[in-house]
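Chemist: Here it is, the structure in full.
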Amino acid sequence: MLKNWFATLETALIAMVVLRLLSGTFEVTAALLMLKFNSVEKALAINALLAIAGPIILIITMTIGLIGIADKISFGKILIVALGILLILIGIKK
């Protein structure tokens with residue numbers, strides 16, 4: 001039964017899940033490193049690396065998702081979603 005369930009998963013979905021699991025692993029590892037180093041300065045440096053990785057993971061995950069549904073929705077809707085992602089990134093940067 002579990003084998004059949006995995007067979008029905010889309011490749012884009014699997015890629016998105018793997019990226020999010022990887023991102024979560026980065027977050028937990030970063031928290032553990034902050035505890036290990038026991039330094040606010042090092043914690044800030046680790047946090048800065050996470051601030052770079054977060055938007056990259058977001059962009060890659062959303063791109064994979066959009067490619068995965070590109071044949072199911074109109075080009076206009078894809079542009080609206082892409083614009084939403086762009087606005088999120090602008091909001092994060094400001």
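Computed from the coordinates by the stated procedures, all read-outs in this text should not be read as laboratory data. Source: prediction; values computed, not measured. So basically every Cβ, Gly included, is an ideal-geometry build from the backbone, and we count neighbours across all protein chains shown.
Chemist: Please identify every one of the GluC sites (Glu not before Pro) in region 1-78 that sits in a loop by DSSP and has no more than 15 other beta carbons within 10 Å of its own beta carbon. Write out the running numbers ahead of the final one.
Modeler: On the way: sites: GLU10, GLU27, GLU41; in loops: GLU10.
Those that pass, being in a loop and sparsely packed, are GLU10.
Chemist: At a 10 Å Cβ-Cβ cut-off, how would you order THR8, THR29, fewest neighbours first? Show your work: numbers first, answer last.
Modeler: Values: THR8 7, THR29 12.
So the residues, fewest neighbours to most, are THR8, THR29.
Chemist: Counting helices only, and only those DSSP H runs with n ≥ 4, report the 222 nm mean residue ellipticity of the chain as the sum of -39,500 (n - 2.57) divided by its residues, in deg cm²/dmol to the nearest 500.
Modeler: Values: 4 runs with 82 residues, N = 94.
Value at 222 nm, helices only: -30000 deg cm²/dmol.
Chemist: Quick one: grab the alpha carbon gyration tensor of region 42-94, order the square roots of its eigenvalues as a ≥ b ≥ c, and give me rounded if a/c is under 1.5, else prolate or oblate depending on whether a/b is larger than b/c. Working shown, then result.
Modeler: Numbers: a/c = 7.18, a/b = 2.25, b/c = 3.19.
Here region 42-94 falls in the oblate category.
Chemist: Take the chain, connect every pair of alpha-carbon atoms lying under 10 Å apart with a spring to form a Gaussian network, then pick out the residue of ILE64, ILE14, ILE80 with the largest mean-square fluctuation.
Modeler: Answer for the Gaussian network model of the chain: ILE80.
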